[in-house]
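The values are calculated or read from the model by the stated rules, or taken from the named source; none is laboratory data. Not measured: the values here are computed from a predicted model. Quick reminder, even Gly has a Cβ in these numbers, built from the backbone with ideal geometry, and neighbours come from all protein chains shown. Side chains are part of the model used for accessible areas, which takes the heavy atoms of the whole protein and leaves out ligands, DNA and RNA. Shrake-Rupley method; radii C 1.70, N 1.55, O 1.52, S 1.80 Å.
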Amino acid sequence: MMEKAQIDGQIRPFIAHLHAFRGIAIILIVAAHAWSLSIFWTGQLDSTGLTWLFAASETLFHGSTLLFAIISGLLFSQVLHAQSWRRFYRSKVVNVVLPYCLMTLLITFYHWPQANPLASPDFGHQLISNLFYGKASIQYWYIPVILVLFLLTPALSYLSARPKYLAIVLVIALSPLIITRSPFPDFLKPQTYGYFIGAYVLGLLMGQYYAQLQTWLARHSHSCLLAFIAISAAIFLGYLNGYQASGWFSLRESLFYAQKVLLTGLVLLWLKRREDKDNHGDSPLDKGLTLLGNYAFAIYFLHLLFMAAFINLGHNLLAEQREASLLLGFGIISLVLSILGSIMLSAVIKKLFKQHSRKLIGV
């Protein structure tokens, strides 16, 4: 059901199924790292089984950060538009910018090769580079992207809220089908910003017409599911055949965009139906997704710390025994431990620093 949250002294809706969607999104994002890092930090695709495992994990989880961009736009249109811009940007500084700066500083400090980083003039340069390009940890590239999305929100929300600009908004929302994100390891090329601006605008548009969207999804859910399966199969075959993404256009990333948009619609429809049931919130699934939604951003910040430690622990075994079944199981354990470790560490930080924990880990 719909609960209430306080925004600018007024009662505003807290939409449970949108919050639960954040929980699902963070599982998929962590999963995108669980198998790829386990495979490539310990070796290569040196068997047919590993090729299939990597293709399957990438097909299911690659591009899941799109879900964060879409839900950010949807939440703004549905809930956060009622805030003043001052409050909106203050919350982003406290919940995103400050934790990002702190974690970047700590990780840069930890990995610095010299005993006293602060005595090195290059430390400041490296820190600034890590902040601008999100290079302190492999998942941090998205933070500079989302900060640009926040800066553009007044203009993008203005356009999406006015039907006379619908054609322009649709062009922006569909542009990721022809202008794609840049591949690993150079995540932050100009087209990446355009790719995620498109996803964010799509979320803003979905939020403007959310009731109509839910009705349409209910009528066409089977067609959407079939399209999702067909696109996923095409992506999977592309991986098996060695297709490489490059340049400003990548068929693979275009397919991922369509796939993740369809997944978003299907998951939101399922979650909305669960929310409409009288017993919503009582099941372990609902409680688990709410917990994950609460800690989603902290998990995003912290999960690589636990995942890297776990991979290092099993590095020798995984380097010597390259069976797909072993890496499949290892990835599952890595996924679970990374999420649980992030939640437990976040809970400790919240206990110690109380309301100031938002400035440290975003929750």
key: Prolate/oblate/rounded label for the range 237-363 (Cα gyration tensor, a/c 1.5)   = oblate
task = Leaving ligands, DNA and RNA out of it, work out the accessible area of residue 228 with a 1.4 Å probe and give it in Å² to the nearest 10.
result = 40
ask   = Under the definition of Cα pairs under 8 Å and six or more residues apart, what whole-number percent is the relative contact order of the range 65-276?
value = 27
inquiry  = Can you give me the % of accessible surface on the chain that is carbon or sulfur? Probe 1.4 Å, all protein chains present, nothing else counted.
reply    = 67
key: the range 186-221: chymotrypsin sites (Phe, Trp or Tyr not before Pro) in DSSP coil with no more than 10 other Cβ atoms inside 10 Å   = none
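So what's the back-of-envelope 222 nm ellipticity for the chain, counting only DSSP H runs of four-plus at -39500 (n - 2.57) apiece and dividing by all residues, rounded to 500? The partial results should precede the final answer.
Values: 16 runs with 261 residues, N = 363.
Using -39500 (n - 2.57) per qualifying helix, the result is -24000 deg cm²/dmol.
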key: Packing rank of 283-289, 77-83, where each peptide gets the mean count of other beta carbons within 10 Å, highest leading   = 77-83, 283-289
ask   = What is the gain in length, in nm to one decimal, between residue 221 and residue 167 on full extension, counting 0.36 nm per residue of separation less the C-alpha to C-alpha distance?
value = 16.9 nm
task = Grab the Cα-Cα distance for residue 14 and residue 126, subtract it from 0.36 nm times how many residues apart they are, and report the gain in nm with one decimal.
result = 36.3 nm
message = Tell me the label only: which of (1) 32; (2) 57; (3) 40 is percent of Cα pairs over 32 Å apart as calculated from this structure?
response = (1)
task = Compute the label zone of residue 148 within the range 201-234: residues whose backbone N is under 14 Å from the point 7 Å along Cα-to-Cβ.
result = 201
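Which order do the peptides 219-225, 325-331, 67-73, 345-351 come out in when sorted by mean C-beta neighbours inside 10 angstrom, highest first? Working shown, then result.
On the way: 219-225: 12.6, 325-331: 17.4, 67-73: 25.3, 345-351: 15.4.
Packing proxy ranking, top to bottom: 67-73, 325-331, 345-351, 219-225.
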inquiry  = Restricting to DSSP loop positions (anything but H, G, I, E, B) with no more than 15 other Cβ atoms inside 10 Å of their own Cβ, which GluC sites (Glu not before Pro) remain in the range 258-335?
reply    = 323
query = What shape does the range 73-203 take by its C-alpha gyration tensor, where a ≥ b ≥ c are the square roots of the eigenvalues and a/c under 1.5 counts as rounded, a/b above b/c as prolate, and the rest as oblate?
reply = oblate
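Counting Lys +1, Arg +1, Asp -1, Glu -1, what net charge surrounds residue 216 among other residues with beta carbon under 15 Å of its beta carbon? Intermediate values should be presented prior to the final figure.
Numbers: positive: 219, 272, 273; negative: none.
Overall, the nearby charge balance is +3.
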